[in-house]
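Here's the structure we're looking at; comments come further down.
The values are calculated or read from the model by the stated rules, or taken from the named source; none is laboratory data. Predicted model only: the values in this text are computed from it and were never measured. Here Cβ is always computed from backbone atoms with ideal geometry, including for glycine, and neighbour counts include all displayed protein chains. The area values use the complete protein model at the heavy-atom level, side chains included, leaving out ligands, DNA and RNA. Shrake-Rupley method; radii C 1.70, N 1.55, O 1.52, S 1.80 Å.
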Amino acid sequence: MEILWAPWRLNYVKEATEGRKGKGCFICEALKSPPEKDPENLLLYRGEKALVILNRFPYNTGHLMVCPVRHTGDFLSLLPEELQEIDLLLKKSISVLKRAYNPDGFNVGLNLGKVSGGSINTHIHYHVVPRWLGDTNFMPIVGGVKVIPQSLDETYRLLKELWE
Ligand SMILES: [Zn+2]
């Protein structure tokens, strides 16, 4: 299969090779960085108790994550005000993604614990994944060419604009 264009793969390979050792939680690192680094860190929105960040290895274009600001992997420890802001940000994320990409549907959810398939179990994150009819094979395939979703930079710029 021929792959036309996959800029995000470069980062994937780099990160897989170098690993994340010596680095802390990437969500907390992004929050600690100065706001001018938000595009680089794919941090879309900084709230008081919750935040929105794009997934660096998206399942689909527009795949983002809503997380509490507080570093915790314990869902049961979430406070009402954290849950409330998370809900509002989930709603806004879906609204912005609808305007940006007009998907046919969404997968919204939480993986709790390693056994559920969660990759980071130290900082809670709700996935929001836009879905299109027929995308189950990772985008339609035409003539053996795999169509790669929009680059992360473009996704970030578009969603950031719509968010504000
Ligand atoms: Zn964290």
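A compact table of results
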{"quantity": "Estimated vicinal HN-Hα couplings, Hz - the range 40-52 in sequence order (Karplus 6.51, -1.76, 1.60; Gly, Pro = x)", "calculated": "5, 7, 6, 7, 8, 8, 9, x, 6, 10, 8, 9, 10"}
{"quantity": "Rounded FRET efficiency, nearest 0.05, which uses the C-beta distance separating Lys92 from Leu133 and R0 of 22 Å", "calculated": "0.35"}
{"quantity": "Environment charge of Glu161, counting only residues whose C-beta is closer than 15 Å and scoring Lys/Arg +1, Asp/Glu -1", "calculated": "+1"}
{"quantity": "Sequence-distant residues sharing a close amide H with Tyr45 (under 5 Å, placed H)", "calculated": "Val52"}
{"quantity": "Solvent-accessible surface ranking, highest first, for Leu44, Leu79 at 1.4 angstrom", "calculated": "Leu79, Leu44"}
{"quantity": "Trypsin sites (Lys or Arg not before Pro) within the range 20-98, DSSP loop, no more than 15 other Cβ atoms inside 10 Å", "calculated": "Arg20, Lys21, Lys23, Arg56, Arg70"}
{"quantity": "Reachable aspartates and glutamates from Lys98, criterion Cα separation under 14 angstrom, eight or more residues apart if same chain", "calculated": "Glu161"}
{"quantity": "Links that overshoot a 23 Å alpha carbon limit, given the list Lys91/Lys114; Lys92/Lys160; Lys49/Lys92; Lys49/Lys114", "calculated": "Lys91/Lys114; Lys49/Lys114"}
{"quantity": "Net +/- balance of residues flanking Pro80 in space, Cβ distance below 11 Å, scoring K and R +1, D and E -1", "calculated": "-3"}
{"quantity": "Total formal charge among the other residues, if their Cβ is under 14 angstrom from that of Arg46, Lys/Arg +1 and Asp/Glu -1", "calculated": "0"}
